[in-house]
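The values are calculated or read from the model by the stated rules, or taken from the named source; none is laboratory data. The structure displayed is predicted, hence computed values, not measured ones. In this analysis, Cβ positions are derived from the backbone assuming ideal geometry, glycine residues included, and neighbour counts consider all displayed protein chains.
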């Protein structure tokens, strides 16, 4: 029986390592390596140590945590700031990439921390299941994405962390902690920025598999947003607006609709003044659309439509920087217009900005905690001095709307201001003290942005 047949016929998938052509040619890594330079995904950041460990079992991971005096955990290295940095030890989840269990009866899947969404999704689909949401690229690891409240898009879709129903982590005392949804401290531990310990296992709630079709519209007048913002953003399961801020139109509107079996998935030729694109296009004008998921209204599995980019290609622009801010949906158009005032300053340095939405959740440090959110994402050219000079200006424009920055992207907001945006910040500090009283998992980023232990 081949692997595909086994996955289709089994109600439990035990210890199946996720592998594929994208990593089959990678050199084998020993448990510990000294690398000359370790960089993040985009190459804008060099980590402060070259000591990196690759445990391939829970037992090895636990021994490492017990032995090492200081460490930070690495997933897919997709963060653009120093949230995962360490001056002493890095511990990678790369080899912790197994599916532990697919529980069909309860519609849940349990995976090790290093599994990447793109590697997991096809197996779920083959077994009749789906995740309710995916980020714009599938190359990111499950635990790392959850830890920073990384999201997808959709007014009725919570971020990726909102599907977590169980969590296992090794805390700073070397203890193995298991939490389930509904238990005390669960809502504080899911989005934890790696500050409670090393996440080793995650259980995700599933939904029945479904298909999605997407169409891209071009040149929608900004005026349409003022009059119909919520209507526009609710016209699909997921809707994204792409703009370079240089004109009075939105460059591209990506509308992703859930395909209902037996029903026609209809897309109008015109959408609030925008017209359907005549071929597949990339979010960044002029870039090759080969790396993008299929458009033109062609139905396909959820995992091959909800992301903007295909797993087998370089996602997004590649050599880039990213920033992202979350504001309450009630301020959506006002926040958009505030950023637009900086158009002449922003546009020379960016690839594109994306406007999207996400549903409120109850996770203490989630950027969507307690409020449905508008998300203003910007993919910048890798012009670091210029971008870092611009961010305070952008943040000042958004300040009246109480922005929360994406934890894994670039921001310069005052730490006290950031902490004030989270009602449960004091509770989270207590949780850090409980699980990591000596600060084994803390680094300069955590100390600065979360404040002192309480």
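Is at least one residue of region 145-165 without any contact (Cβ under 8 Å) to a residue 60 or more places away in the chain and part of a strand (DSSP E or B)? Checked against the condition, which is being without any contact (Cβ under 8 Å) to a residue 60 or more places away in the chain and part of a strand (DSSP E or B), region 145-165 yields at least one hit.
Only residues that are over 19 Å from residue 142 (Cα atoms) and touching a strand residue (DSSP E or B) at 6+ places or on another chain (Cβ under 7 Å) were counted in region 54-87, giving 5. Scan region 398-414 for residues that are outside any helix (DSSP H, G or I) and crowded, with 19+ Cβ neighbours inside 10 Å and the total you get is 10. I'd like the full set of residues that are at pLDDT below 95 and under 16 Å from residue 196 (Cα atoms), limited to region 75-85. Correct list: 75 only. May I ask you to list the residues in region 294-319 that are at pLDDT 90 or above, crowded, with 20+ Cβ neighbours inside 10 Å and either in contact with a strand residue (DSSP E or B) (Cβ under 7 Å, 6 or more places away or on another chain) or within 30 Å of residue 390 (Cα to Cα) (or both)? Hits for region 294-319 are 295, 302, 305, 306, 307, 308. Output yes when any residue across region 432-441 is surrounded by fewer than 20 Cβ atoms within 10 Å (Cβ to Cβ), part of a helix (DSSP H, G or I) and over 21 Å from the mean Cα position of the chain (by Cα), and no when none is. The answer is yes; a qualifying residue exists.
Taken residue by residue, region 256-267 has no member that is in contact with a helix residue (DSSP H, G or I) (Cβ under 7 Å, 6 or more places away or on another chain), over 30 Å from residue 99 (Cα atoms) and surrounded by fewer than 19 Cβ atoms within 10 Å (Cβ to Cβ). So which of 286, 297, 273 is on the phi > 0 side of the Ramachandran plot and touching a residue at least 60 places away in the same chain (Cβ under 8 Å)? The match here is 297.
For region 170-185, the set of residues classified as free of Cβ contacts under 8 Å to residues at least 40 places away in the same chain and crowded, with 18+ Cβ neighbours inside 10 Å consists of 179 only. Does residue 249 satisfy being touching a strand residue (DSSP E or B) at 6+ places or on another chain (Cβ under 9 Å) and over 24 Å from residue 450 (Cβ atoms)? Considered against the rule, which asks whether it is touching a strand residue (DSSP E or B) at 6+ places or on another chain (Cβ under 9 Å) and over 24 Å from residue 450 (Cβ atoms), residue 249 comes out as yes.
Only one of the listed residues (207, 191) is surrounded by fewer than 20 Cβ atoms within 10 Å (Cβ to Cβ) and either out of contact with any strand residue (DSSP E or B) (no Cβ under 8 Å at 6 or more places or on another chain) or in contact (Cβ under 8 Å) with a residue 60 or more places away in the chain (or both). That residue is 207. Elements of the type strands (runs of 3 or more DSSP E) sitting completely within region 196-266 and holding at least 1 residues that are closer than 30 Å to residue 92 by Cβ: these cover 197-205. Counting residues in region 383-397 that are crowded, with 19+ Cβ neighbours inside 10 Å, touching a strand residue (DSSP E or B) at 6+ places or on another chain (Cβ under 8 Å) and more than 18 Å from residue 320 (Cβ to Cβ) gives zero.
Yes/no matrix, rows are residues, columns are (1) surrounded by 20 or more Cβ atoms within 10 Å (Cβ to Cβ); (2) more than 18 Å from residue 40 (Cα to Cα); (3) at pLDDT below 95:
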| position | (1), (2), (3) |
| --- | --- |
| 87 | no, no, no |
| 93 | yes, no, no |
| 105 | no, yes, no |
| 109 | yes, yes, no |
| 122 | no, yes, yes |
| 132 | yes, yes, no |
| 138 | yes, no, yes |
| 141 | yes, no, yes |
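Number of residues in region 415-424 that are part of a helix (DSSP H, G or I) and within 21 Å of the chain's Cα centre (by Cα): the value is 2. So, in region 42-53, of the ones that are crowded, with 17+ Cβ neighbours inside 10 Å and without any contact (Cβ under 8 Å) to a residue 40 or more places away in the chain, which residue ends up nearest to residue 139 (Cα to Cα)? Step by step, filter region 42-53, then rank; the result is 53. Among the residues of region 268-287, the ones that are at pLDDT 90 or above and exposed (fewer than 13 other Cβ atoms within 10 Å of the Cβ) come to 4 in all. Please determine whether any residue of region 336-352 is in contact with a strand residue (DSSP E or B) (Cβ under 8 Å, 6 or more places away or on another chain), in contact (Cβ under 8 Å) with a residue 12 or more places away in the chain, within 22 Å of residue 187 (Cα to Cα) and not in a helix (DSSP H, G or I). No, that holds for no residue. Is it the case that residue 145 is under 19 Å from residue 441 (Cβ atoms) and either surrounded by 19 or more Cβ atoms within 10 Å (Cβ to Cβ) or modelled with pLDDT under 95 (or both)? For residue 145, the condition - under 19 Å from residue 441 (Cβ atoms) and either surrounded by 19 or more Cβ atoms within 10 Å (Cβ to Cβ) or modelled with pLDDT under 95 (or both) - is met. Screening region 353-382 for residues that are free of Cβ contacts under 8 Å to residues at least 60 places away in the same chain and under 20 Å from residue 246 (Cβ atoms) and picking the one that is surrounded by the most Cβ atoms within 10 Å (Cβ to Cβ) gives 378.
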